[in-house]
1. Along the Cα-to-C-beta direction of K91, a point sits 7 Å from the Cα; which residues of region 113-131 have their amide N less than 18 Å from that point?
2. Which residues in region 99-134 place their backbone N less than 18 Å from a point set 7 Å from the Cα of K41 along the Cα-to-Cβ direction?
3. Of all alpha-carbon pairs in region 31-116, indicate the percentage at a distance above 22 angstrom.
4. Just add up the charged neighbours of Y108: K/R +1, D/E -1, any other residue whose Cβ is under 13 Å from the Cβ of Y108.
5. Give me the net charge for the shell around I75: Cβ to Cβ below 13 angstrom, other residues only, Lys and Arg +1, Asp and Glu -1.
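FYI, it's all coordinate maths here, none of it is from the lab. Treat the numbers as computed from the prediction; the structure is a model and nothing was measured. Neighbour counts run over all protein chains shown; Cβ positions are idealised from the backbone, glycine included.
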Amino acid sequence: MKWEKRFIVNLLDYLKQSSNMNNSEYQLLDLKCGQSKLTAKLFIPHTLSYFDGHFDEISVLPGVVQLNWAIEFAIQEFNLKGEFKAIDNMKFTRIIKPNSTVDLKLEYLPNKEKLVFSYHSGDLLHSNGKIQVV
């Protein structure tokens with residue numbers, strides 16, 4: 001399934017408007033970055049604003065937030081200047097709960113115009129996908 005940029009941007013804007021932005025963000029515990037690969041160890045505190053109201057029964061880090069963080073790291077660390085056009089093969093296999101530590105792995109493939117991302121806790125995969133960068 002291919003997700004269009006406009007849909008993702010609208011979702012992220014909605015989350016920002018409906019949450020209390022005074023809460024803290026993730027904590028960056030470690031960052032390893034090469035020319036086209038990156039691993040960031042993130043602690044996700046229970047005070048993260050995006051947990052508020054996502055689900056009533058259980059707090060879950062929204063997928064659109066995971067996607068946004070991947071894009072933000074790519075822009076900052078790989079100095080990407082292209083447009084993020086579409087998302088391919090995005091899958092969410094395990095939820096990310098409050099007070100979790102996760103590894104975000106990114107790989108930029110300029111020849112394929114793709115940014116590949118995944119979130120892991122040890123050997124457990126939380127989510128992954130490919131973002132088209134043009």
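1. 115-131
2. In region 99-134, the label zone of K41 (backbone N under 18 Å from the point 7 Å along Cα→Cβ) covers 99-106, 118-126.
3. On the way: 1166 of 3655 pairs.
Counting pairs separated by more than 22 Å, the tail of P(r) holds 32 percent.
4. Details: positive: K37, K81, K105, K112, K114, K130; negative: E77, E107, E113.
Summing Lys and Arg as +1 and Asp and Glu as -1 gives +3.
5. Details: positive: K81; negative: E72, E77, E83.
Neighbourhood net charge equals -2.
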